[in-house]
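Heads up: the structure comes next, in structure tokens.
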Amino acid sequence: MVEREALRVGVIGCGAGEFHIEGFAADPRVKVVALSGLDGPRCHGLVTKYGIPHLYGDYSELLSHPDIDAVSLAVPNHLHRPIAVQALRAGKHVLVEKPLSRTVEEGEEMVAAAKEAGKVLAVAFQRRQRHDVQLVRHQIEQGRLGRVYHAKAYWMRRSGIPGLGTWFTNKEQSGGGPLIDLGVHVLDLASWLLGNPSALSVSAATYAELGPRGRGQWSGGRFSRVEGIPYEVEDFATAFVRYEGGTTLQLDVSWAAYTGHSDDFGLSLMGTEGGAEIRSKDYAQVGTLRFFSELDGTPTVTEPRLLTNHGHTGIVKQFVDSILDGAPPEPSGDEGLERVRLIRLIYRSAELGRELRLPEDQDA
């Protein structure tokens, strides 16, 4: 528990870190007091824009300050474990961008460090904060879909590789391609809405058809492209998961594919008493949700009026609640670790070219 009037936070990473800063800036219980990053112009711009008093090039300098209570990590995947563990051992609470880690072993070390330090470890699965997702969650909790027995989740981009030749397409630094980058979001949504069931088997395939030929780079200048660097990850992944209780999940994710999608994600749930479908095209937050049911035996479709929100604001609020009020962290480090476990099983199934059954193939 923190007794200081304002929770003092440091943010590490000046790219996606701005989303975190925006979330903290919306919470009156918090003051962002320090920022660390390697992109000088961008970092200086954020310091000026948000009135952050301290800027460091080396994150270790930020972590060395005892008056910083918590840190938020928005850095490449290979830096999640070392920075998070160092922060936790320095007595800081940690909010980390998805995915929690590249590997199960890294994630286990992070979770263990948080428990040993008695600090909060949370993961920024901000899509949970969408109004459409929250409504589906409420309907499931009220039993209005009955028993949900099948789900489909997808995030498909036609041309959306975030930086050919950068850390995103380097397997050692990223841990994978669109599955660990985009798929972790919709996999988290499906798992969370289904009640976090345990997987019994996984059958998957991955493909790298466009990226290795230099195709599929995200247009618009948001991400840089580095020529001459090998493309080492998948650009499309598909998986079928069987869970305890008989529920199944179909998952499809791509950075680049010749498809009708542009940059679209969604989720469909089929239940014994009703169904729900979320389709978000180009990050839309309204007009994305439909519920399916019956009225006196007649099939009906309901389309709720939705609100837009800033997902990181909700995630930050839950993170701060956990620190100040002792509420369980959500999404927690343990949940983030379970997503990594399933992603690694999906990759392993694709590598072996066969279905993996649990627990016998847990270490295949």
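Please treat every number below as a calculation from the coordinates, not as lab data. None of the values given here were measured: they were computed from a predicted structure. FYI the Cβ positions are ideal-geometry reconstructions off the backbone, even for glycines, and counts take in every protein chain you see.
Over all distinct alpha-carbon pairs, what is the Kirkwood Rh of region 257-355 in angstrom? Numbers along the way, then the final one.
Numbers: mean 1/r = 0.0573 Å⁻¹.
After inverting the pairwise mean of 1/r, the radius is 17.4 Å.
Of the Cα atoms belonging to region 298-364, the radius of gyration and Dmax stand at 19.2, 49 Å.
Taking region 129-192, which trypsin sites (Lys or Arg not before Pro) meet the DSSP loop condition and have no more than 13 other C-beta atoms within 10 Å?
Here the trypsin sites (Lys or Arg not before Pro) that fit, given the DSSP loop and packing criteria, are 147.
Please identify the longest segment of the chain free of exposed GluC sites (Glu not before Pro), where exposed means a DSSP state other than H, G, I, E or B and no more than 16 other Cβ atoms within 10 Å. The partial results should precede the final answer.
Numbers: sites that count: 3, 5, 209, 227, 232, 273, 355, 360.
Longest stretch, sites excluded: 6-208.
Quick check: Cα centre of region 238-314 to Cα centre of region 91-149, how many Å? Computed from Cα coordinates, the inter-centre distance equals 19 Å. Net length available on complete extension from residue 173 to residue 310 is 46.5 nm, with 0.36 nm assigned per residue and the Cα-Cα distance removed. Relative contact order of the chain: 20 percent, from C-alpha pairs under 8 Å at least 6 residues apart in sequence.
Counting each DSSP H run of 4 or more residues in the chain as -39500 (n - 2.57), what helix-only mean residue ellipticity at 222 nm follows after dividing by all residues, to the nearest 500 deg cm²/dmol?
Numbers: 10 runs with 109 residues, N = 364.
Per the formula, -9000 deg cm²/dmol.
Of all DSSP bridge pairs formed entirely within the chain, close to 60 percent run antiparallel.
Assign one of three labels to region 1-107, namely rounded, prolate or oblate, based on the Cα gyration tensor with a ≥ b ≥ c the square roots of its eigenvalues; rounded applies when a/c is under 1.5, prolate when it is not and a/b is larger than b/c, and oblate otherwise. Oblate. Extension gain for the segment residue 224 to residue 58, taken as residue separation times 0.36 nm less the Cα-Cα distance, is 57.5 nm to one decimal. Scanning the chain for chymotrypsin sites (Phe, Trp or Tyr not before Pro) that sit in a DSSP loop and have at most 15 other Cβ atoms within 10 Å, the longest stretch containing none of them is 1-257.
Measuring r between the beta carbons of residue 285 and residue 209 and using R0 = 45 Å, the FRET efficiency lands at 0.90.
Counting only lysines at least 8 places from residue 171 when in the same chain, those with an alpha carbon closer than 23 Å to its own are 98.
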